[in-house]
Amino acid sequence: MARPLRSARLRAAALTLPLVFFVGVTFIAPLGSILVRSIHEPQVADALPQTLASLEAWDGTSVPSEDMFRTLATEFRLLDEQRKLGSVATRVNRLESGMRSTMLDTARALGDADPDSWRDAMIAADPVWGEAKAWLAVRRAGERFTLRHYLNAIDLDRDASGNIVAQPPDRRIYLPLLFRTLGVSLVISVICLILGYPVAYLIANASPARSNLLLLLVLVPFWTSLLVRTTSWIVLLQNQGVVNDLLVAIGVIGDEGRIALVYNMVGTLVAMTQILLPFMILPLYAVMRSISPVHLRAASSLGATFRQGFVHVYWPQTLPGVAAGSLLVFILSIGYYITPALVGGRTGQLISNMIAYHMQESLNWGLAAALGVILLLGVMLLYLVYNRLVGIERMRLS
Amino acid sequence: MRQSMASFGFGERMGRGLHLAFCAAVLIFLIAPMLVVIPLSFNAEPYFTFTEGMLSLDPEAYSLRWYRNVIEDGIWQRALGNSILIGVAATAIATTLGVLAALGLANPAMPGRGFVTSLLISPMVTPIIISAAGMFFFYSRLGLGQTHLSLILAHAVLGTPFVVISVTATLVGFDRNLVRAGASLGAGPFLVFRRIQLPLIAPGVISGSLFAFAASFDEVVTVLFLGGLEQRTIPRQMWSGIREQISPEILAVATFLVVFALLLLGAVEWLRGRGRSGAAGGE
């Protein structure tokens, strides 16, 4: 008896194996590389090996010895020749602002000649070399493994003596952005529920022919390219766009009083609501379709008003759909990137856009990776909840 | 429904009217944005709004110039070529691997089904910016940055969950006795698959692959991260158009994509109808 069962299990597992392997290599491994990037930053350590070795013995407060100045200057010179000094300087600069120009200026001031005193020459190039903070920044940037990207991602940092402290107020941007993303997602979920519930109810209770037609109206935007839908909103909402033209034409606003509806948070909210609304309507519809209209009729024949029947009989039965739709919209909103990037302007950006900024513009990949890991953990947690409530394999596509 | 409504009074009937009006407004909100794009793509002027000529239905105000520009533009031609190449290759990989995996997952003997399902669906539920960033690190380390191959692999893995889900759905009502019957009559596993299982799951396979293709055809973030100039696809070209110099050519392309979406939707709905009648016939 046991043998055929085992071979059936093996056969089933063998069928899934190619895809498991493929997902492992092309998806899980890339996610793993994000995790590695978020804690592993070897570039400075590789660039300044001797300086960092000599800094290990340094007490962290006094002005370093002549030897250490010479080692650092020699390594700077080497990096400058290899044209790598700029990227190393950028990394040190993230820990102590001003260090980028300090390092580049120092390398230029030292030139090719060997001075009598490296210490005097470097302090002459930039007095900050006489302070411990410059050396501490170099030492900390040289840590191969670090948790500072995670600290920075939640607006914390280490001070000179290694204590965890809050960032100065003007640099606390990530936690507010995270809360803004959560807030926007919550608002969009609630709006989608308010807009979607009556529509789902209408579709679920219409005659089959009408129900199919109405469902089609929900599915068409669902299938239409995200970029097309986002473009449409720009066309509709921009200053010289259809909505503003219409408002001017009917005299609600003057030609000078055109409202900024796009390239700000309004644009993000409107476009994302329209794009995510089908994800709310479809699960609601699926649940409502299975609720027999007999229940409401029974309630009304027992003397309940429509409102009573709805609140006590209908609404409780739709809760699984409400939970599924709201959670799905919330999860999708948290990770939204394309729409805020195109219609959000400066004020309508979400956490994903910050990750993209650090990936593509500031090139602070470690911080981008740490923000990505935090976002991923949050989304995974929400999916666990979704899985318990709805079942992830029951996610419907149409 | 109508019966139950009759028993309610005037107030309820007014409520029903309000409900219908509200639903109409929401449905217009859902559909209208795409509908506005279509007439504007025929605008003779380079504006994104209806000109007076358009509103008075003056034929002079309409033109096919933006369509001509797009069709004649080598950049859009190459973008279409890239989109099709990457989409078809990615869909072929996703469909092959996805169908096999769905067959395994549908087998009651499958060990660790919950975990494996979550793993296989994870590409669909991970925020795209994270997937794209990870793939960027991963493929540039492998020396595959800015290649078609990296994009094909990326779109393939992002498309597999659609195939797994829709094939699994068609297998839910599948009677495993048919497999046993086939096997007892001497058919090997491959013959059983080809003659019994494949015809029954075909609608799910095709609609899953259409989903995967549509996902690839609309995907822009991995192209932003992994692709160079040579790998620009239609969505990537639209992205530049929207960000840099927004021109009505974008609306012509958008209209084309709306038509394309309608065709795909029609195909999937038709297959769904067939799948239902097929499953009913099998029972």
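Nothing in this text is a laboratory measurement; each read-out follows from the coordinates by a stated rule. Worth saying up front: this structure is predicted, and the values here are computed from it rather than measured. Positions of Cβ are backbone-derived with ideal geometry, glycine not excepted, and every protein chain shown enters the neighbour counts.
Table for the structure above
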{"item": "Per residue convex hull volume, Cα atoms of region B:73-282, in Å³", "result": "131 Å³"}
{"item": "Average partner coverage of B:98-105, which counts Cβ from other chains inside 10 Å", "result": "5"}
{"item": "Average projection area in nm² (convex hull over Cα atoms of the protein assembly as shown, one quarter of hull surface)", "result": "40.2 nm²"}
{"item": "Folded to 0 to 90 degrees: helix A:99-110 orientation relative to chain A principal axis, Cα", "result": "30 degrees"}
{"item": "Rounded to the nearest 20 debye, dipole of chain A from Cβ charges on Lys, Arg, Asp, Glu", "result": "2700 debye"}
{"item": "Sites A:ALA304 and A:LEU381 - FRET efficiency at Förster radius 30 Å, r taken between beta-carbons, to 0.05", "result": "0.15"}
{"item": "Under the span-like rule (Cα at least 15 Å along the axis, Kyte-Doolittle mean at least -1.0), DSSP H helices of chain B", "result": "B:10-40, B:74-106, B:113-125, B:128-141, B:148-171, B:198-217, B:249-282"}
{"item": "Sequence-separation-based contact order of region B:73-282, relative, with Cα cut under 8 Å and 6+ spacing, percent", "result": "33 percent"}
{"item": "Sequence of A:ASP155, B:ASP175 once ranked by neighbouring C-beta atoms within 10 Å, starting from the fewest", "result": "B:ASP175, A:ASP155"}
{"item": "Degrees, to the nearest 10: A:351-360 long Cα axis against longest axis of chain A", "result": "40 degrees"}
{"item": "Shielding score for B:31-44, defined as the mean number of other chain Cβ atoms within 10 Å", "result": "4"}
{"item": "Degrees, to the nearest 10: A:132-141 long Cα axis against longest axis of chain A", "result": "50 degrees"}
{"item": "For region A:116-163, radius of gyration divided by Kirkwood radius, i.e. Rg to Rh on alpha-carbons", "result": "1.13"}
{"item": "Exposure proxy ranking, count of Cβ atoms within 10 Å, fewest first, for A:VAL385, A:VAL218", "result": "A:VAL385, A:VAL218"}
{"item": "Ratio of Rg to Rh over region B:89-144 (Cα coordinates, Kirkwood Rh, two decimals)", "result": "1.07"}
{"item": "Order of B:SER83, B:SER56 - criterion: other Cβ atoms within 10 Å of each residue's Cβ, fewest first", "result": "B:SER56, B:SER83"}
{"item": "Theoretical FRET efficiency, 1/(1+(r/R0)^6), r = Cβ-Cβ of A:ASP105 and A:ALA53, R0 22 Å, to 0.05", "result": "0.30"}
